[in-house]
1. Is there any pair with a first residue in segment 37-53 that is under 17 Å from ASN77 (Cβ atoms) and in contact (Cβ under 8 Å) with a residue 24 or more places away in the chain and a second that is basic (Lys, Arg) and open to solvent by less than 10 Å² (accessible area, probe 1.4 Å) whose Cβ atoms are under 9 Å apart and which are 6 or more apart or on different chains, and what are they?
2. Select from segment 68-82 the residues that are more than 11 Å from THR95 (Cα to Cα) and either of a type in the set (S, T, N, Q) or not in a loop (DSSP other than H, G, I, E, B) (or both) and write down the one among them that is farthest from the chain's Cα centre (by Cα).
3. If you check every pair at least six apart or on different chains, which have Cβ atoms under 7 Å apart with a residue in segment 75-95 that is closer than 10 Å to LYS47 by Cα first and a residue that is of a type in the set (D, E, K, R) and surrounded by 18 or more Cβ atoms within 10 Å (Cβ to Cβ) second?
4. For ASP11, indicate whether it is over 16 Å from GLY120 (Cβ atoms), out of contact with any strand residue (DSSP E or B) (no Cβ under 6 Å at 6 or more places or on another chain) and surrounded by fewer than 18 Cβ atoms within 10 Å (Cβ to Cβ).
5. Of the conditions (1) under 21 Å from LYS168 (Cα atoms); (2) not in a loop (DSSP other than H, G, I, E, B), ASN36 clears all except one; give me its number.
6. Check segment 60-69 and report whether any residue there is farther than 27 Å from LEU161 by Cα, touching a strand residue (DSSP E or B) at 6+ places or on another chain (Cβ under 8 Å) and either exposed (fewer than 13 other Cβ atoms within 10 Å of the Cβ) or not hydroxyl-bearing (Ser, Thr, Tyr) (or both).
7. Being within 16 Å of THR107 (Cα to Cα) and among the charged types (D, E, K, R) is the filter; apply it to segment 17-32 and report the residue that is most open to solvent (accessible area, probe 1.4 Å).
8. Can you tell which of SER180, SER172 is over 25 Å from ALA80 (Cα atoms), outside any loop (DSSP other than H, G, I, E, B) and open to solvent by less than 40 Å² (accessible area, probe 1.4 Å)?
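The values are calculated or read from the model by the stated rules, or taken from the named source; none is laboratory data. All values reported here derive from a predicted model rather than from experimental measurement. Cβ atoms come from the backbone with ideal geometry, glycine included; neighbour counts cover every protein chain shown. Quick note on the areas: whole protein, heavy atoms, side chains included, nothing else; ligands and nucleic acids left out. Shrake-Rupley method; radii C 1.70, N 1.55, O 1.52, S 1.80 Å.
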Amino acid sequence: MNELKLKQSFDKYFEAPIEVWKGFTDFCDEVKFKKNETIKPTGQTEKNAYFILEGACGVFLWKENNFVCLDIVLENNFFADHMSLITEQPSPLETLALENTTALKITATNIVKLKQSPFGNILFLLGAENSFVEKQQQQIDLLTKTAEQRYEELMCKNPELIQRIAQKHIASYLGITTQSLSRIRNNR
């Protein structure tokens, strides 16, 4: 079942046989996090990556006495403090469950093992490339689009966010205040 979710989520980037995803899940453990549970605290090294089966998580940075939301990740997506995971160094990022969440956890050690297989290497490379493109687009959008445009695009891609994620996190992710987000929502 979990291998099918992985396959369906990843097929848009690369169609690997179901056996590849079965092999992937053999390296994983299913874990659960409660809403608002810290998954990886600020200043620590990320030891795992996650594929969210159900729920939502976020990546945050402490800035000026407040957490800034850098990313919101919903089910059927990979999630981690990727910078720390790749560099094997502590980072200022904190990861948090934004809802009760069930995920597949894969350790850094098992990631290294999977990367040694031909399909594993391709899957991780494509995942890294896709993540890079998404983050770069997010930076471009922050610099070139209005808050209203960013909100509209976010709602087109994930309309359920407003029901599922706290307004303060959505506003922070969009780079605006909660008051600005309320104004934008009221003007729709």
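1. GLU46/LYS40; ASN48/LYS40
2. Restricting attention to segment 68-82, the residues satisfying the condition of being more than 11 Å from THR95 (Cα to Cα) are 68, 74-78.
Next, from what is left, pick out any that are either of a type in the set (S, T, N, Q) or not in a loop (DSSP other than H, G, I, E, B) (or both): 68, 74, 76-78.
On the way: VAL68: 15, LEU74: 7, ASN76: 10, ASN77: 6, PHE78: 6 Å.
Here the answer is VAL68.
3. Hits for this filter: ALA80/GLU46; ASP81/LYS40; ASP81/GLU46; SER84/GLU46; LEU85/GLU46.
4. Details: over 16 Å from GLY120 (Cβ atoms): yes; out of contact with any strand residue (DSSP E or B) (no Cβ under 6 Å at 6 or more places or on another chain): yes; surrounded by fewer than 18 Cβ atoms within 10 Å (Cβ to Cβ): yes.
Yes.
5. Just one mismatch for ASN36, condition (2).
6. Quick first cut of segment 60-69, residues farther than 27 Å from LEU161 by Cα only: none.
The answer is no, given that none of the residues of segment 60-69 is farther than 27 Å from LEU161 by Cα, touching a strand residue (DSSP E or B) at 6+ places or on another chain (Cβ under 8 Å) and either exposed (fewer than 13 other Cβ atoms within 10 Å of the Cβ) or not hydroxyl-bearing (Ser, Thr, Tyr) (or both).
7. Only one residue tops the list, namely LYS32.
8. Numbers: SER172 fails: over 25 Å from ALA80 (Cα atoms).
Of the residues listed, the single one that is over 25 Å from ALA80 (Cα atoms), outside any loop (DSSP other than H, G, I, E, B) and open to solvent by less than 40 Å² (accessible area, probe 1.4 Å) is SER180.
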